[in-house]
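Beneath this line is the structure, given in structure tokens, with notes to follow.
The values are calculated or read from the model by the stated rules, or taken from the named source; none is laboratory data. Every value quoted in this text rests on a predicted model; they were computed, and no experiment measured them. As a convention, Cβ positions derive from the backbone with ideal geometry for all residues, glycine included, and neighbour counts pool all protein chains shown. Ligands, DNA and RNA are stripped out before the accessible areas are found, and what is left, the full protein with its side chains, is counted by its heavy atoms. Shrake-Rupley method; radii C 1.70, N 1.55, O 1.52, S 1.80 Å.
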Amino acid sequence: MRFRNLKNKENILDESTYVIKNPEEYRGMWKKVFNNNNPLYIEIGMGKGKFIIENAIKNPNINYIGIERQDNALARAVKKVPVGLSNLRLISMDAMNIEKVFDKEVDRIYLNFSDPWPKKRQGKRRLTSKIFLDKYENIFKKESNIFLRTDNEGLYTFSIESLSSSGYSLYDVTFDLHRDFSDLITTEYEDKFSSNGDKIYSLKARK
Ligand code: SAH
């Protein structure tokens with residue numbers, strides 16, 4: 001999905017103190033960036049950022065880092081962050097390089113409405129493929145926790161298989177998240193799909 005081109009996106013990213021420009025420099029030291037020992041939750045592919053920003057506002061005792069490879073989307077997220085939200089940072093990067101940025105310090109990964117890459121030959125690009133799960137293994141602190149939401153049945157069933165074969169236990173598995181759970185912080189995609197009447201698939205995985 002492409003976002004409308006934002007003309008001054010480079011300036012928006014450069015000027016924002018929320019955007020970490022050389023994230024690799026902080027590998028293993030994110031605690032210092034936040035100046036506390038609070039848990040670190042990251043969202044890969046945060047898009048325009050609604051979910052992670054609202055989470056950061058609601059949970060000041062958790063540190064959040066949003067990762068997004070499309071600078072257009074990232075710039076839109078930056079424009080939404082309220083002033084003084086000290087427990088949030090944003091990074092422009094491809095999750096392929098995630099191990100260069102984190103080292104055994106992440107407590108939870110959110111994957112919300114990740115690109116489904118439906119063709120078989122694209123399977124490796126899915127953010128729950130074995131390639132990515134092996135990378136995540138090196139960035140989790142102790143327990144590995146992945147929280148996933150999607151509208152895409154193919155990605156959902158693929159993820160169930162992939163996570164299970166990698167030794168994860170699944171819980172809170174639902175084919176209709178909004179029927180089964182309330183008081184949810186939603187994402188931009190989620191709002192769009194739910195308002196169309198589409199059901200949201202969701203699961204939590206830990207090992
Ligand atoms: N989570 C948001 C956006 C979903 S669209 C929401 O629910 O509204 C999926 C997003 O993931 C896109 O913005 C895309 O650029 C990003 N993305 C996909 N693969 C990625 C990768 N390998 N690294 C970083 N971001 C990725």
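For n ≥ 4 DSSP H runs only, could you compute -39500 (n - 2.57) per run for the chain, divide by its residues and tell me the 222 nm figure to the nearest 500? Don't skip to the answer; put the middle values down first.
Values: 8 runs with 64 residues, N = 207.
My calculation for the chain gives -8500 deg cm²/dmol from helical runs alone.
Add +1 for every Lys or Arg and -1 for every Asp or Glu among the other residues with Cβ under 14 Å from the Cβ of ILE62, and state the total. Spell out each step's value before the answer.
Details: positive: LYS31, LYS58, ARG89, ARG108, LYS141; negative: GLU43, GLU54, GLU105, ASP107.
Result for the local shell: +1.
Given charges of +1 on the Cβ of Lys and Arg and -1 on the Cβ of Asp and Glu, with all other atoms neutral, how large is the dipole of the chain about its Cα centre, in debye to the nearest 20?
Numbers: 36 positive and 29 negative charges, 81 e Å.
Here the chain has a charge dipole of around 400 debye.
To the nearest 20 debye, what charge dipole does region 142-207 have about its Cα centre, counting +1 at the Cβ of each Lys and Arg and -1 at the Cβ of each Asp and Glu?
320 debye
For region 23-122, what class follows from the C-alpha gyration tensor (a ≥ b ≥ c being the square roots of its eigenvalues): rounded when a/c is under 1.5, otherwise prolate if a/b is larger than b/c, else oblate? Each step should come with its number before you reach the end.
Values: a/c = 1.81, a/b = 1.29, b/c = 1.40.
Oblate, because a/c is 1.5 or more while a/b does not exceed b/c.
Given points 7 Å out from each Cα along the Cα-Cβ axis, report the ASP183 to LYS32 separation in nanometres with one decimal.
3.8 nm
Going toward the positive end of the dipole of region 122-207, with +1 on Lys and Arg Cβ and -1 on Asp and Glu Cβ, which of LEU177, SER165, SER194 do you reach last?
SER165
Indicate the gyration tensor shape class of the chain (rounded, prolate or oblate), computed on the Cα atoms with a ≥ b ≥ c the square roots of the eigenvalues: a/c under 1.5 is rounded; otherwise a/b larger than b/c is prolate and the rest oblate. Write down the numbers at each step before the final one.
Details: a/c = 1.44, a/b = 1.22, b/c = 1.18.
Rounded, because the longest to shortest axis ratio a/c is under 1.5.
Roughly how many Å² is the accessible area per residue of the chain, as a whole number, for a 1.4 Å probe? List each step's numbers first, then the result.
On the way: 10880 Å² over 207 residues.
Normalised by residue count, the accessible surface of the chain is 53 Å².
Please figure out what share of the DSSP beta bridges in the chain is antiparallel and state it in percent, rounded to the nearest 5. Each step should come with its number before you reach the end.
Working: 10 of 29 bridges.
Counting only bridges with both partners in the chain, antiparallel ones make up about 35 percent.
Check every DSSP H run in the chain and write down those whose alpha carbon atoms cover 15 angstrom or more along the long axis and whose mean Kyte-Doolittle hydropathy is -0.5 or greater. Could you put the intermediate results ahead of the total?
Numbers: long enough: 153-165 (18 Å, 0.18).
Answer set is 153-165.
Using 7 Å Cα-to-Cβ label points, what is the GLU15/ASP191 separation (nm, one decimal)?
With each label placed 7 Å out from Cα toward Cβ, I get 2.4 nm.
Please work out how much length the chain gains when fully extended from LYS207 to GLU25, using 0.36 nm per residue of separation minus the C-alpha to C-alpha distance, in nm with one decimal.
On the way: separation 182, 0.36 × 182 = 65.52 nm, distance 2.83 nm.
Working it through step by step, the gained length comes to 62.7 nm.
Could you look at the chain and say what percent of its accessible area is carbon and sulfur, using a 1.4 Å probe and all protein chains?
Values: 5110 of 10880 Å².
Within the chain, the accessible surface is 47 percent carbon and sulfur.
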